[in-house]
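J.: This is the structure I want to talk about, given as structure tokens.
The values are calculated or read from the model by the stated rules, or taken from the named source; none is laboratory data. Since this is a predicted model, take the numbers as computed values, not measurements. Cβ placement follows ideal geometry from the backbone for every residue including glycine, while neighbour counts extend to all protein chains displayed. In case anyone asks, the SASA skips ligands and DNA or RNA and just uses the protein heavy atoms, side chains included. Shrake-Rupley method; radii C 1.70, N 1.55, O 1.52, S 1.80 Å.
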Amino acid sequence: MTKTVDQVQIGDAVFDPDSGELSVHGERRNLRPQTARVLTVLVEREGSLVSKADLLNQVWPDTHVTEDSVVQCISEIRKAFRDVGGVELRTIPKKGYRLVFHMSD
């Protein structure tokens, strides 16, 4: 993971956690605030298993939402990274998610 002042290199993309913007091959893709927060948590814990409960507690600490909210954000993250090399968002059944990334050649 390569970090700059406000941005994170994720595979072939650059993510700005503050704005929720993902830059892919010069194209800007804006993520919803909740989706950007889920991605931020996954980036901070890159390579590690992040449970749905952890995501719910970190992204929606004072709000009751169902796991469907997490699933929707994960779907949006996958869509945003659809043509980005060097990124894999793994679903670990009944446990959570793991984001793995590297620089593509």
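J.: Residues in segment 28-57 that are acidic (Asp, Glu) and open to solvent by 80 Å² or more (accessible area, probe 1.4 Å): how many?
T.: Going through segment 28-57 one residue at a time, the tally reaches 1.
J.: Right, something else. Out of the residues in segment 4-17 that are farther than 14 Å from Glu88 by Cα and touching a helix residue (DSSP H, G or I) at 6+ places or on another chain (Cβ under 9 Å), state the one that is most open to solvent (accessible area, probe 1.4 Å).
T.: Among residues in segment 4-17 that are farther than 14 Å from Glu88 by Cα and touching a helix residue (DSSP H, G or I) at 6+ places or on another chain (Cβ under 9 Å), the one most open to solvent (accessible area, probe 1.4 Å) is Pro17.
J.: Please report, ordered by residue number, the strands (runs of 3 or more DSSP E) entirely within segment 1-84 with at least 2 residues that are touching a residue at least 40 places away in the same chain (Cβ under 8 Å) and closer than 18 Å to Val100 by Cβ.
T.: In segment 1-84, the matching strands (runs of 3 or more DSSP E) lie at 8-10, 21-24.
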